[in-house]
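Student: This is the structure, below, for whatever I ask next.
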Amino acid sequence: MKSSSKHWDAVFSGAEDSQLGWYEKGASKSLELLNHIPKLENATAFLPGVGTSVLIEELLSKGVKLVLNDISIEALNRVKSRLGDKCNEINWICQDIAQPIQDTMPNIDIWIDRAVLHFLTDEDDIKGYFKNVKSILKAGSYAMFAEFSKTGAPKCAGLTLHRYSVDELSERLGSEFQLLIHKNFTYINPGGDPRPYIYTLFRRNSGN
Ligand SMILES: C[S@@+](CC[C@H](N)C(=O)[O-])C[C@H]1O[C@@H](n2cnc3c(N)ncnc32)[C@H](O)[C@@H]1O
């Protein structure tokens, strides 16, 4: 089955945040990598497939401006009601991240993906995703990817995954992106099961 808005709307309608298989109370592992970026304050971050992640509030508290994407309107509406007035400061994009992103986007300094890319399994969709990464990230910007590693579970949320190695991420990004950090991290999901992830931070070369 393909990742679709219908599938994800049903997932979010059917569960509280804390029951979701990827739920995190705090986004410490993502922040550990993002804290290597010299200046987060006033940077603009694009979060594809943001779901209902608490990383949103963590980034807002650091003065990061946000562009939030998800294929699920249910997920985005849940975040909007959680944020109240703060949601007016955010750019919202409800669409499939494998499809071209509108060109009225603000300049993006940081791309932050946790557990989204690995749901794209068609080669055309994966290519469409990386085309978006490359078209919206300017020179000197950063990209963080936290995906199921090659030793991770083959499925999540009822969908088959395309799991990643650092080498594959580097190859798909191309030579204009330099790998800064990579770490293995085993996340324990709400059911108590270990989920091995690979966390990576890349920087796009200046002058590209
Ligand atoms: C496993 S959840 C991770 C959510 C969030 N990034 C986090 O770490 O809590 C995957 C998210 O990606 C979204 N998603 C799945 N396929 C997508 C696609 N093709 N385009 C945009 N969002 C997608 C889902 O709706 C869901 O919110």
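Student: If you go through region 11-26 one residue at a time, how many are of a type in the set (G, A, S) and in contact (Cβ under 8 Å) with a residue 60 or more places away in the chain?
Tutor: Qualifying residue count for the region: 3.
Student: Applying the selection to region 135-156, what residues are surrounded by fewer than 17 Cβ atoms within 10 Å (Cβ to Cβ) and either assigned to a helix (DSSP H, G or I) or within 15 Å of the ligand (Cβ to nearest atom) (or both)?
Tutor: Of everything in region 135-156, those that are surrounded by fewer than 17 Cβ atoms within 10 Å (Cβ to Cβ) and either assigned to a helix (DSSP H, G or I) or within 15 Å of the ligand (Cβ to nearest atom) (or both) turn out to be S135, A153, P154, K155.
Student: Which one of the conditions (1) in contact with a helix residue (DSSP H, G or I) (Cβ under 9 Å, 6 or more places away or on another chain); (2) within 13 Å of the ligand (Cβ to nearest atom); (3) among the hydroxyl-bearing types (S, T, Y) does S81 fail to meet, given that it meets all the rest?
Tutor: Among (1) in contact with a helix residue (DSSP H, G or I) (Cβ under 9 Å, 6 or more places away or on another chain); (2) within 13 Å of the ligand (Cβ to nearest atom); (3) among the hydroxyl-bearing types (S, T, Y), S81 violates only (2).
Student: For region 157-189, how many residues meet the condition of being assigned to a strand (DSSP E or B) and either without any contact (Cβ under 8 Å) to a residue 60 or more places away in the chain or under 22 Å from A27 (Cα atoms) (or both)?
Tutor: Residues in region 157-189 being assigned to a strand (DSSP E or B) and either without any contact (Cβ under 8 Å) to a residue 60 or more places away in the chain or under 22 Å from A27 (Cα atoms) (or both): 13 in total.
Student: Which condition from (1) within 9 Å of the ligand (Cβ to nearest atom); (2) farther than 24 Å from L179 by Cβ; (3) in contact with a strand residue (DSSP E or B) (Cβ under 9 Å, 6 or more places away or on another chain) is the one that Q99 breaks?
Tutor: (3)
Student: Taking the condition part of a loop (DSSP other than H, G, I, E, B), within 16 Å of the ligand (Cβ to nearest atom) and either at positive phi or not small (G, A, S) (or both), does T121 pass?
Tutor: So T121 passes the test.
Student: Consider N69 carefully, then state whether it is within 8 Å of the ligand (Cβ to nearest atom), over 19 Å from F202 (Cα atoms), of a type in the set (S, T, N, Q) and out of contact with any helix residue (DSSP H, G or I) (no Cβ under 8 Å at 6 or more places or on another chain).
Tutor: When the stated conditions are applied, N69 passes them.
Student: It is to be established whether one or more residues within region 30-45 are within 8 Å of the ligand (Cβ to nearest atom), over 26 Å from K127 (Cα atoms) and in contact (Cβ under 8 Å) with a residue 12 or more places away in the chain.
Tutor: no
Student: Can you tell me which of I181, I126, I198, I188 is buried (at least 20 other Cβ atoms within 10 Å of the Cβ) and either over 23 Å from S4 (Cα atoms) or in contact with a helix residue (DSSP H, G or I) (Cβ under 8 Å, 6 or more places away or on another chain) (or both)?
Tutor: I198
We did not get these values from a lab; they are worked out from the coordinates using the rules stated. Computed from a predicted structure; not experimentally measured. Every residue, glycine as well, gets a Cβ built from its backbone with ideal geometry; the counts of neighbours run over all protein chains shown.
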